[in-house]
Each structure stands twice: as C-alpha cells, then as structure tokens.
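*Asks:* One structure, pasted below without further comment.
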Amino acid sequence: MLEVLIENKDVIVMIACLVVAIAVAVVTFAKYPTSQKLAVIKAWILVAVTNAEKELGSGTGSIKLAVVYNAFVEKFPIVGKVLSYEKFEEYVEEALVKMREALGQN
C-alpha cells in the first residue's frame, strides 16, 4: 500500500492541490456579500448570453436559454439548485437588454 502511495505521489499532490483550489474558490465566493455574489452571477450570465447569441444567432431564443441555463448549472451547481428557473429567465432578460445596449453603443 505504501509503495502505491509513493509511486503515485505526483498524482496525489495534484489532486490535493485541485481540491484545495476549489475549496478556496468556494469559500471566497461564499464570503462575498449577497449583492456582490449576484453581480458576479449576472456578469457571468451576460457573457454566456453574448456567447450564445454569437454562436446560435437570432431567432433561437429557447435554445439559447437552454444552453445558457445548462452552462450556468454546470458553473454554479449550488446556486443552480437554489435559483428558480423563472428568476434565471429574468436575469437572462436583463442581460439581453444590457447586451443590446452595448451593441447599440458600439
């Protein structure tokens, strides 16, 4: 058993570092005030909506929403369980307004 640990010490150290990095990211995000957490989430949604618009084009609203929602649940699994789909749709609508405003200015 000890030989296996010694032979795979590099892999074990890499896995431990990955676990620590994930834990630090979760704890750091958890320490943000609620308004700051929401700002981070809304900023991420804006980027995801913009990317979906670029990839899928116009006229595919429900598909884009599904793509963005699936990516959101992957990126923020805990928040995805707490945040209702209806509230998520509201945030996407806000992001679409901001995206259109930004495109109109450029």
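*Asks:* Any idea which of Ile22, Ile45 is assigned by TED's automatic domain parsing to the domain that holds Leu96, of a type outside the set (Asp, Glu) and under 18 Å from the mean Cα position of the chain (by Cα)? Can you show your working first?
*Replies:* Details: Ile22 fails: assigned by TED's automatic domain parsing to the domain that holds Leu96.
When all the criteria are applied, what remains is Ile45.
*Asks:* Is it fair to say Tyr91 is under 16 Å from Lys37 (Cα atoms) and either of a type in the set (Ser, Thr, Tyr) or not in a helix (DSSP H, G or I) (or both)? Walk me through it before giving the result.
*Replies:* Working: under 16 Å from Lys37 (Cα atoms): yes; either of a type in the set (Ser, Thr, Tyr) or not in a helix (DSSP H, G or I) (or both): yes.
Judged against the criteria, Tyr91 is a match.
*Asks:* Give the residues of the range 72-106 that are under 18 Å from Phe29 (Cα atoms) and among the hydrophobic types (A, V, I, L, M, F, W, C), sorted by residue number. First the steps, then the outcome.
*Replies:* Here is the first cut: in the range 72-106, the residues under 18 Å from Phe29 (Cα atoms) are 72-83.
Scanning the range 72-106 gives Phe72, Val73, Phe76, Ile78, Val79, Val82, Leu83.
The values are calculated or read from the model by the stated rules, or taken from the named source; none is laboratory data. Quick caveat, the model's predicted, so the values are computed rather than measured.
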